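Asker: I am attaching a structure below and will ask some questions about it afterwards.
The values are calculated or read from the model by the stated rules, or taken from the named source; none is laboratory data. Values in this document were obtained by computation on a predicted structure and should not be read as measured data. Every residue, glycine as well, gets a Cβ built from its backbone with ideal geometry; the counts of neighbours run over all protein chains shown.
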Amino acid sequence: MIIESIASPADVKRLSVEEMEKMAVEIRTLLIEKLSRHGGHCGPNLGMVEATIAMHYVFQSPQDKIVFDVSHQSYTHKMLTGRVGAFLKAENDDDVSGYSEPSESEHDHFIIGHTSTAVSLAGGLAKGRDLRGERGNVIAVVGDGSLSGGEALEGLDWAAELGSNFIIVVNDNQMSIAENHGGLYRNLEELRRTNGTCPNNLFRAMGLDYVYVERGNDIAALIAAFQKVKDIDHPIVVHINTLKGKGFALAEKDKERWHWSAPFDKESGELLHPCTVETYDELTAVHLLELMGQDKGICAITAGTPGVWNWTPERRKAAGRQFVDVGIAEEHAVALASGIAKAGGKPVFGVCSSFIQRAYDQLSQDLCINDNPATILVMWGSLSTMTDVTHLCHFDIPLLSNIPNLVYLAPTNREEYLAMLDWSINYREHPVAIRVPVGPTKAATRPTATDFSALNRYEVVEQGRDVAILALGNFFSLGERVCHLLKEQGVHATLVNPRYISGIDGDLLCRLSEDHRLVVTLEDGALEGGFGEKIARYYGATAVRTLCYGAKKEFVDRYVPKDFLAANRLVDTMIAEDIVGLLD
């Protein structure tokens, strides 16, 4: 294979167009092979093969710097920059990250996993180049809905002022993760329809020069366009029209399904390890759709990620105007929810834990200062969900639980979650966030409350003495197991379901201090600034000792959850051992 002879971009430059076209076929074959056995981003990478080859043919990486937005479309880039071995054999699948990673190669300049950042990051590289009096091309590659994010628009708005070489490649595959939303995509459609000639041009309106490439999967056409803009002395947009999922019929036909996939059968597309149980993602969409039929004031909001909570195209169609996709714009989603709530509506914004970080200021300023009663569903918040360093779901508890006015809840089972969701939608005093449990749903084994208006009242599930275990949300079952192990050693611990992440039940904590020597907190997230520290601070001046369990503050990448939990002593036997040791 030609691709096996490519050790660096210099090798690409020696190829003819015909050889590059042949290599593109080889790359797609390797991509489909690896994706089918390992999982990963399918559509974005399959659609960017030719453009990536053409960029490395024309530009001189790493002297010329290419920055991929989100960087989930950088697999071909990795193959062409000395990392093809990670795509040839299954035993090497995990040798590279699914995103750009400077520790892997000098051709990667940033760790990037969230969207809409490339124009700003690359713009900074260009400005730094100019300040140092250096030369070279800087290229930002954006696509898959990235333009709908506020940071991308901020970067574009500033880019014209740079006044020097800056090339922005807009990979227009007519898709975000799901379909595109927003007026700017109507302009992209108009530009495609007119071969880039229509007077209504978003990029020119921002002061940027502009080139359109109709055949965005044609290597020769792409090379011609990139050669035209190479070494240009001002910022320019190269708008390329590509096919997401190109070369894999299933991905071309159903672009949303194949944006990302777990391991699958190449012929049928069926998942190799399909989920056969009810999950909280699925439960959420089904339940909300039912509620929408009863109450037209309910509005579900997503920021370009409807799949995070299983809003399939069919369900979105059934919800009609009661489902809103704002594009990849979490800031706008939070502020929009605040406005809907102020107007008397009942907004529910579903968002991945990792992505809610992008809207901290809106949560604080637009929502919570105004105390508007919106519901935020934080999906996948856990140490055991996504493990890429750019997508960690560890930090939502410290982030959200310390914003005034926000009620942050942590249900422990299916029925408790639905009760909290129903209550939050109709609660009008404060905004409410719910840390949706992860994994298969668990049925309740005890009576479930339906009204949570008396804030910060914890539930004592089992009364004991000497030791109290406050097991939050996902870790309630861990608390149950620890209690069982302690009981085998003659320690009858009190088990508490805190329910409220954001508040302290002072009355209960005071009562516990009367006959408990040790209080243990368990939380499925980062420890610093989290729930356990609130409890420890309460008991700071008393004789009650506190032992807080969670993850230490660090960025970790592609870890094995079981090993990570053990490294943080988040294992029932370890916790029980620690407790007995302290009691002794």
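Asker: Just checking: which of the helices (runs of 4 or more DSSP H) contained wholly in the range 350-467 hold 2 or more residues that are over 28 Å from Leu509 (Cα atoms)? Explain how you work it out, then say what you get.
Answerer: Numbers: elements: 353-356, 396-401, 414-426.
By residue number, 353-356, 414-426.
Asker: Name the residue, out of Ala333, Ala318, that is in the same structural domain as Thr387 (by TED's automatic domain parsing), buried (at least 20 other Cβ atoms within 10 Å of the Cβ), in a helix (DSSP H, G or I) and over 12 Å from the mean Cα position of the chain (by Cα). Break it down stepwise before answering.
Answerer: Numbers: Ala318 fails: buried (at least 20 other Cβ atoms within 10 Å of the Cβ).
Just a single option satisfies the conditions, and that option is Ala333.
Asker: A follow-up question, please. In the range 506-531, which residue that is touching a residue at least 60 places away in the same chain (Cβ under 8 Å) and not in a strand (DSSP E or B) is surrounded by the most Cβ atoms within 10 Å (Cβ to Cβ)?
Answerer: Filtering the range 506-531 for residues touching a residue at least 60 places away in the same chain (Cβ under 8 Å) gives 517-518, 523-526, 528-531.
Narrowing the set further to residues that are not in a strand (DSSP E or B) leaves 528-531.
Numbers: Glu528: 13, Gly529: 16, Gly530: 27, Phe531: 29.
Among residues in the range 506-531 that are touching a residue at least 60 places away in the same chain (Cβ under 8 Å) and not in a strand (DSSP E or B), the one surrounded by the most Cβ atoms within 10 Å (Cβ to Cβ) is Phe531.
Asker: Would you check if Ala541 is over 22 Å from Ala567 (Cα atoms), over 31 Å from the mean Cα position of the chain (by Cα) and modelled with pLDDT under 95?
Answerer: Working: over 22 Å from Ala567 (Cα atoms): yes; over 31 Å from the mean Cα position of the chain (by Cα): yes; modelled with pLDDT under 95: yes.
Spelling it out, Ala541 is indeed over 22 Å from Ala567 (Cα atoms), over 31 Å from the mean Cα position of the chain (by Cα) and modelled with pLDDT under 95.
Asker: Pick from Asn426, Asn402, Asn370, Asn413: which is closer than 25 Å to Leu522 by Cβ and either surrounded by fewer than 18 Cβ atoms within 10 Å (Cβ to Cβ) or in the same structural domain as Gly550 (by TED's automatic domain parsing) (or both)? Don't jump to the end; show me each part of the working.
Answerer: Numbers: Asn426 fails: closer than 25 Å to Leu522 by Cβ; Asn370 fails: closer than 25 Å to Leu522 by Cβ; Asn413 fails: either surrounded by fewer than 18 Cβ atoms within 10 Å (Cβ to Cβ) or in the same structural domain as Gly550 (by TED's automatic domain parsing) (or both).
Answer to the selection: Asn402.
Asker: Which one is farthest from the chain's Cα centre (by Cα), of the residues in the range 558-584 that are assigned to a loop (DSSP other than H, G, I, E, B) and more than 27 Å from His516 (Cα to Cα)?
Answerer: Narrowing the range 558-584 to residues assigned to a loop (DSSP other than H, G, I, E, B): 558-560, 568-571, 584.
Add one more test, that the residue is more than 27 Å from His516 (Cα to Cα), and what stays is 558-560.
Values: Arg558: 14, Tyr559: 17, Val560: 18 Å.
It comes out as Val560.
Asker: For the range 536-557, enumerate the residues that are assigned to a loop (DSSP other than H, G, I, E, B), surrounded by 13 or more Cβ atoms within 10 Å (Cβ to Cβ) and not β-branched (Val, Ile, Thr).
Answerer: So in the range 536-557, the residues assigned to a loop (DSSP other than H, G, I, E, B) come out as 539-544, 552-557.
Next, from what is left, pick out any that are surrounded by 13 or more Cβ atoms within 10 Å (Cβ to Cβ): 539, 544, 553, 556-557.
If the condition is that a residue be assigned to a loop (DSSP other than H, G, I, E, B), surrounded by 13 or more Cβ atoms within 10 Å (Cβ to Cβ) and not β-branched (Val, Ile, Thr), then Tyr539, Lys553, Asp557 are the ones that fit.
One line per residue, one yes/no per condition, for (1) out of contact with any strand residue (DSSP E or B) (no Cβ under 6 Å at 6 or more places or on another chain); (2) touching a residue at least 60 places away in the same chain (Cβ under 8 Å); (3) of a type in the set (Lys, Arg); (4) within 20 Å of Trp258 (Cα to Cα):
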| site | (1), (2), (3), (4) |
| --- | --- |
| Tyr280 | yes, yes, no, no |
| Gly297 | no, no, no, no |
| Thr302 | no, no, no, yes |
| Trp309 | no, yes, no, yes |
| Ile328 | yes, yes, no, yes |
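Asker: Considering only the range 137-154, state which residues are surrounded by fewer than 24 Cβ atoms within 10 Å (Cβ to Cβ) and in contact with a strand residue (DSSP E or B) (Cβ under 8 Å, 6 or more places away or on another chain).
Answerer: Of everything in the range 137-154, just one residue is surrounded by fewer than 24 Cβ atoms within 10 Å (Cβ to Cβ) and in contact with a strand residue (DSSP E or B) (Cβ under 8 Å, 6 or more places away or on another chain), namely Asn137.
Asker: Name the single residue, out of those in the range 57-100 being in contact (Cβ under 8 Å) with a residue 24 or more places away in the chain and acidic (Asp, Glu), that is nearest to Ile177 (Cα to Cα).
Answerer: Asp69
Asker: Among residues belonging to the range 222-255 that are over 32 Å from the mean Cα position of the chain (by Cα) and crowded, with 17+ Cβ neighbours inside 10 Å, point out the one that is nearest to Asn180 (Cα to Cα). Give the steps one after another, and end with the answer.
Answerer: At the first step, the residues of the range 222-255 found to be over 32 Å from the mean Cα position of the chain (by Cα) are 223-225, 227-234.
Subset that is crowded, with 17+ Cβ neighbours inside 10 Å: 223, 225, 229.
On the way: Ile223: 27, Ala225: 26, Val229: 28 Å.
Per the stated criteria, the residue is Ala225.
Asker: Please give the number of the condition Ala551 fails out of (1) under 24 Å from Val438 (Cβ atoms); (2) among the small types (Gly, Ala, Ser); (3) without any contact (Cβ under 8 Å) to a residue 12 or more places away in the chain.
Answerer: Condition not satisfied by Ala551: (3).
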